[in-house]
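The structure appears below as structure tokens.
The values are calculated or read from the model by the stated rules, or taken from the named source; none is laboratory data. Predicted model only: the values in this text are computed from it and were never measured. Methodologically, a virtual Cβ is constructed for each residue, glycine included, from the backbone with ideal geometry; neighbour enumeration extends over all protein chains shown.
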Amino acid sequence: MSLVRWFPHPDGVQSIALNTELDRLFDGFFTPGPLRSEWDALTPAVDVEETADAYVFRADLPGMSSKDVKVTVHNDTLSLRGERKREEQKKEGTSHRVERAYGSFERSFTLGLPVRADQVKASYKDGVLEVHVPKAETAKPRDIEVQIN
């Protein structure tokens, strides 16, 4: 038995298998995204939001435990590191397809402004890591009243 992923042709006409595979290859190469290839399959997708008081990072880390993730702040750089471990299961059957990637990853973000590393808070729930990095007082925007003469 052979399992083959089906990719419908955009015109609604089935092309031969070679053309379909070539289309998939080129579409995957030119399509941006966190899971574009096996090489960067472990690179988690991260949303970065900036408020007046802090930076907020949300990283998708499905299937990982909070103990497998490490968050560090050094100077103005936030680093997210982790490892997704391979599930050890003894099966009697044969695997026909294995697409989930395992191994280590690291993402680093340069913030560009002074932050309060001692007040960084991280939480992990339902496969999403959320990190709040408060800005230092000198980095927060201030209103300055201008006197016109």
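So the values come out like this:
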| read-out | value |
| --- | --- |
| 1 or more residues free of Cβ contacts under 8 Å to residues at least 60 places away in the same chain and loosely packed, with under 10 Cβ neighbours inside 10 Å: qualifying strands (runs of 3 or more DSSP E) within the stretch 74-140 | 103-110, 121-125 |
| Residue within the stretch 55-70 that is surrounded by 15 or more Cβ atoms within 10 Å (Cβ to Cβ) and more than 19 Å from THR43 (Cα to Cα) present | yes |
| Condition met for MET64 (modelled with pLDDT under 90 and in contact with a strand residue (DSSP E or B) (Cβ under 8 Å, 6 or more places away or on another chain)) | yes |
| Which numbered condition GLU49 misses (of (1) at pLDDT below 90; (2) assigned by TED's automatic domain parsing to the domain that holds ALA117; (3) of a type in the set (D, E, K, R)) | (1) |
